Amino acid sequence: MQCMLTYWQGRRICPGKLLAENSLSITIIRILWAFNISKAKDGFGVEITPNIFDYTDGFNSKPQPFSCDIQARSAAIEKIINSEAQEGERFLDKYLYEPK
């Protein structure tokens with residue numbers, strides 16, 4: 001991946017830049033492996049095309065929220081997703097704050 005503007009370059013480069021870029025790559029690859037992502041449909045079944053030029057203002061602009069349809073690629077993949085989600089929940093349970 002190309003160097004992202006938010007990490008800068010040179011002597012003041014972010015020490016976590018490579019970790020962040022690799023984590024982002026893995027996340028994107030897993031999403032594309034697991035899901036079919038398509039345009040949302042309105043009440044009449046017509047696809048809604050998002051405005052590709054609709055961004056937030058400012059230095060770190062990003063696309064405005066838009067609707068889309070996200071479906072697991074297969075029943076087997078959906079089972080894997082649910083299994084990993086449950087495993088993640090069990091792992092993170094030990095970090096929940098419990099007031100005494």
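The values are calculated or read from the model by the stated rules, or taken from the named source; none is laboratory data. Just so we're clear, the structure is a prediction, and the values are computed from it rather than from any experiment. Using ideal geometry, Cβ is built from the backbone for each residue, glycine included, and neighbour counts are taken over all protein chains shown. Note: accessible area is taken over every heavy atom of the protein model, side chains too, but ligands, DNA and RNA are not part of it. Shrake-Rupley method; radii C 1.70, N 1.55, O 1.52, S 1.80 Å.
By the helix-only formula, in which each DSSP H run with n ≥ 4 contributes -39500 (n - 2.57) and the sum is divided by residues, the chain has a 222 nm mean residue ellipticity of -12500 deg cm²/dmol. Taking every protein chain into account, the accessible area of the chain amounts to 92 square angstrom per residue (probe 1.4 Å).
For the listed peptides 92-98, 52-58, a ranking on the average number of other beta carbons within 10 Å per residue, highest first, reads 52-58, 92-98. Take Ile26: with every protein chain present and a 1.4 Å probe, its accessible area is about 100 Å². On a C-alpha basis, how far is the centre of segment 18-33 from the centre of segment 41-71 in Å? Whole number, if you could? Each part's Cα centre sits 22 Å from the other's. Modelled spin labels at Glu87 and Lys17, positioned 7 Å past Cα toward Cβ, are 3.3 nm from each other. Near Glu84: Cβ cut-off under 13 Å, other residues only, Lys/Arg at +1 and Asp/Glu at -1. The net charge is 0. Surface composition of the chain: carbon plus sulfur atoms hold 58% of the accessible area, using a 1.4 angstrom probe and ignoring ligands, DNA and RNA.
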